[in-house]
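Engineer: Just dropping this structure here.
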Amino acid sequence: MSTIPDERPVTALIADDEAPMRDLLRARLQAVWPELHIVAEAANGVEAVELGERHRPDIAFLDIRMPGLSGIEAARRLYARSHIVFATAYDQYALDAFAQGALDYLLKPVSAERLATTCARLQARMRTRARTENGAAPAPQDIGQELAKLTALLETKGKPDKPTYLRWIQAQVGSSLRMVSTREVLFFQSDEKYTRVQTAGAEFLIRKTLKELLDELDPDEFWRIHRSTLVRVDAIAEVKRDLRGRQMLRVRGYPGELEVSRNHSYLFQQM
Amino acid sequence: MRASDINRVLDFVRDAFHEASKLWWRFFDWLAVVEWRQLFLTWFFVLIFCAMVNMPELGGWYIFISFAVKVLAGGKRKAELTAREATAQANVATLERRLMEAQMAALQAQVEPHFLFNTLALIGQLIETDPKEAARVHAHLIDYLRSTLPQMRQRGGATLGRQVELSRAYLAIMQARMKERLEVRFDVPDFLGSAPFPPMMLQTLIENAIKHGLEPKIEGGTVAVRAHVVGADLHVEVCDDGVGIDPHADDGVGLANIRERLQLLYGADAALDITTPPGGGACATIRLPYKMMEDA
């Protein structure tokens, strides 16, 4: 099903979770490109994909940050049929990616001049497409790789790949779950069927075993010092030997002492 | 030639004299603080040593001088030394407090660039479509920034009433952006308005509720702020019915800052608790000692 843009108006979709931003873009588009037919407006990423698939617009203006699906995820589903133009107010990583890539983007609030330039470029592209077109419509542009890169960039927020560790310990307290940040935890100690979570002001029992915690927690944040104890490294105040020659560890904010087993005493060997 | 030789000798004599006087005063200080028992021990050893090298007079002089100095000047010198140590400690304490204040100021100054850009973008667009609304959002933004930048924060801003007011400014901006996706409920009795409450904590919790709880949720939801007194404590609670907390998501600098500041201000008497109610969403509660008003 080939479509020849000259025979029908060019269509567009606008997706932004903030209504005022959609209003502005629509008003601006009407001013600089009156023939453009805005067929649909979406308030979130899921809606954008849905409407994009239904209306098959020539152009999709997508906000990057939207609930449900981000603009970039939505673009990955739509770019085969629609030309993608991203919009963002501020996103360092996205802007970096845009600067290197071939992606079209607009900065919010969208200025009339900038939009006019973008629209002129889009129109030129539509025309060349119309000329070369015979039979099947080629993809507007192949930006799949570009999008994959962008997704990776945004997911890791520009940081090098780092596995995600457990950051919140969930402890049942009454009918609700207490979320204990791992930064609050002084140590974990296994206590028969449960694991005891000690913070400066409180202690909780959780069902997660020490072994499970060991697998999920950041190994640089928590050290195992005993078969039954995991201690947060930052909380350690001092290590000393008691009369029987055992290494004992004191943590900030807790009056007692923790024993370091022989197997783990290498952790505190003097340099 | 000769003049430089003399100078060299003079320099040497001066240095030697300087060293000797330093040693003498060190000896003097040591005498002043040393215990009598230890002094007796040194007398004993010095006597033995002097007897061995056959110069008992030297030992006698040592004993005589140290005894005299200890008796005559010891008390005064000891008091002086203790005073000096106390001053040094006081200075360290002041320094530590200053450092802490500076850290607090830095901790409090964190405006999200994302928020700022989006709000400015919104104002820019409203100027064209709805100038009245633009002016309103603009005024809220100024209020919000004033509360966020420490150097612009007015004195007396650290009451719950003021903090609630500033949070309303932030929420009004977010409502202008999110429209019907954001609902706000405040349940803060008027009489709690004068209670001292540290700046920027309530805002941080509300920002978290919106950013992590409601913004990612397609249909949006409600932020509810509630304050009440439990026993001797003031509880201030920010709840949302958003997507809840991902156990693998970093808790961010915001919450860590609140915890740190509560610890600095109130020690073990204050806490920040995060819970996820069975119905979903998240609740953050700040608990601190309740006072009717700020100390004069």
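Coordinate-derived values only; no laboratory data. What you see is a predicted model, and the numbers here were worked out from it, not measured in a lab. Positions of Cβ are generated from backbone atoms using ideal geometry, with glycine treated the same way; all protein chains shown enter the neighbour counts.
Engineer: Do any trypsin sites (Lys or Arg not before Pro) in the range A:163-239 lie in a loop, going by DSSP, with at most 12 other beta-carbon atoms within 10 Å of their beta carbon, and if so which?
Structural biologist: Qualifying residues, ordered by number: A:193, A:207, A:227.
Engineer: With 21 Å as the limit, write out which pairs from A:208/A:240; A:108/B:211; B:22/B:78; B:211/B:291 have Cα-Cα distances beyond it, or answer none. Can you show the working numbers first?
Structural biologist: On the way: A:208/A:240 30 Å; A:108/B:211 19 Å; B:22/B:78 18 Å; B:211/B:291 31 Å.
With Cα atoms farther than 21 Å apart: A:208/A:240; B:211/B:291.
Engineer: While we're here: According to the Cα gyration tensor, what semi-axes, each the square root of 5 times an eigenvalue, does the equivalent ellipsoid of the range A:221-271 have, listed from largest to smallest in whole Å?
Structural biologist: Working: eigenvalues 46, 34, 23 Å².
Equivalent ellipsoid of the range A:221-271: 15, 13, 11 Å, largest first.
Engineer: Something else about it: In Å, the Kirkwood hydrodynamic radius of the range A:31-77 over pairs of distinct alpha carbons? Mind showing how you got there, number by number?
Structural biologist: Working: mean 1/r = 0.0910 Å⁻¹.
For the range A:31-77, the Kirkwood estimate is 11.0 Å.
Engineer: What range in chain B is the longest one free of GluC sites (Glu not before Pro) that are in a loop by DSSP and have at most 16 other Cβ atoms within 10 angstrom? Let's see the in-between values first.
Structural biologist: Details: sites that count: B:35, B:219, B:294.
Longest run free of exposed loop sites: B:36-218.
Engineer: For the range A:175-271, what D do you get in µm² per second when you plug the Kirkwood radius from alpha-carbon pairs into Stokes-Einstein at 4 °C and 1.567 mPa s?
Structural biologist: Rounded to a whole number, D works out at 93 µm²/s.
Engineer: Put +1 on the Cβ of each Lys and Arg and -1 on the Cβ of each Asp and Glu in the range B:159-261; which of B:202, B:212, B:244 then has its Cα farthest toward the positive end of the dipole?
Structural biologist: B:202
Engineer: Still on this structure: Taking the range B:212-296, how much of its Cα-Cα pair set, in percent, is spaced more than 21 angstrom apart?
Structural biologist: It works out to 37 percent of all Cα pairs.
Engineer: Assign unit charges at the C-beta atoms only (+1 for Lys and Arg, -1 for Asp and Glu), then state the dipole size of the protein assembly as shown relative to its Cα centre in Debye, rounded to the nearest 20.
Structural biologist: 1520 debye
Engineer: Right, another one. Using Cβ counts within 10 Å as a stand-in for footprinting exposure, how do B:178, B:52 rank, fewest first?
Structural biologist: B:52, B:178
Engineer: Just the Kirkwood number for chain B, please: inverse of mean 1/r across all distinct Cα pairs, in Å, one decimal.
Structural biologist: Result for chain B stands at 25.1 Å.
Engineer: So for the protein assembly as shown, what are the equivalent ellipsoid semi-axes in whole Å, largest first, each being the square root of 5 times an eigenvalue of the Cα gyration tensor?
Structural biologist: 67, 30, 28
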